[in-house]
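Down below is the structure, laid out as structure tokens.
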Amino acid sequence: MYSAGATNQNYLRGIQEADSSGRVNFTSIFPACYSGRWPHIHFEVYPSLSAATSVANRSATSQIALPKAACDQVYATSGYEASVTNLSRVTLSSDMVFSDGASLELATITGSVSSGLTAALTVAV
């Protein structure tokens with residue numbers, strides 16, 4: 001499903017089957033903000049776990065935008081110095097993907113940096 005140069009990399013990617021309510025939970029790190037893009041998490045939806053072996057089988061592809069307040073909290077910690085600069089140069093409306101409106105892709109964040117954050121988003125498929 002990935003280009004030849006990325007076959008031995010995971011780039012924090014994973015596959016998980018939804019529960020009977022259609023929910024998935026992933027544990028990961030908070031993504032950095034890179035030049036020109038609002039902080040986000042990519043996801044794809046497949047009709048079944050077995051169908052997730054080929055990108056041709058995907059039902060949907062989208063991204064989860066992360067709220068600025070959460071980004072500011074995380075980026076104030078060590079290791080995210082470049083993200084502070086990058087975030088100051090981009091907005092949801094200037095982002096090349098979210099510029100058409102991010103209201104359906106903006107996560108709700110709960111928790112704290114010290115104990116962990118939870119990003120939640122309901123997605124219609």
Set of the range 104-125 residues, backbone N closer than 19 Å to the point 7 Å along the Cα-Cβ line of Ser78: 113-116
Computed E for Phe26/Thr110 - FRET, C-beta separation, R0 25 angstrom, nearest 0.05: 0.95
Ellipticity estimate at 222 nm from DSSP helix runs (n ≥ 4, -39,500 (n - 2.57)) divided over the chain, nearest 500: -3500 deg cm²/dmol
Dimensionless Rg over Rh [the chain; C-alpha; Kirkwood]: 0.97
Rough spin-label spacing in nm, given labels placed 7 Å along Cα→Cβ, for Val123 and Leu49: 1.8
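All of the numbers you see were taken from the coordinates with simple rules; none came from a lab. Quick caveat, the model's predicted, so the values are computed rather than measured. Don't worry about glycine lacking a Cβ; one is built from the backbone with ideal geometry, like all the others, and counts go over all protein chains shown.
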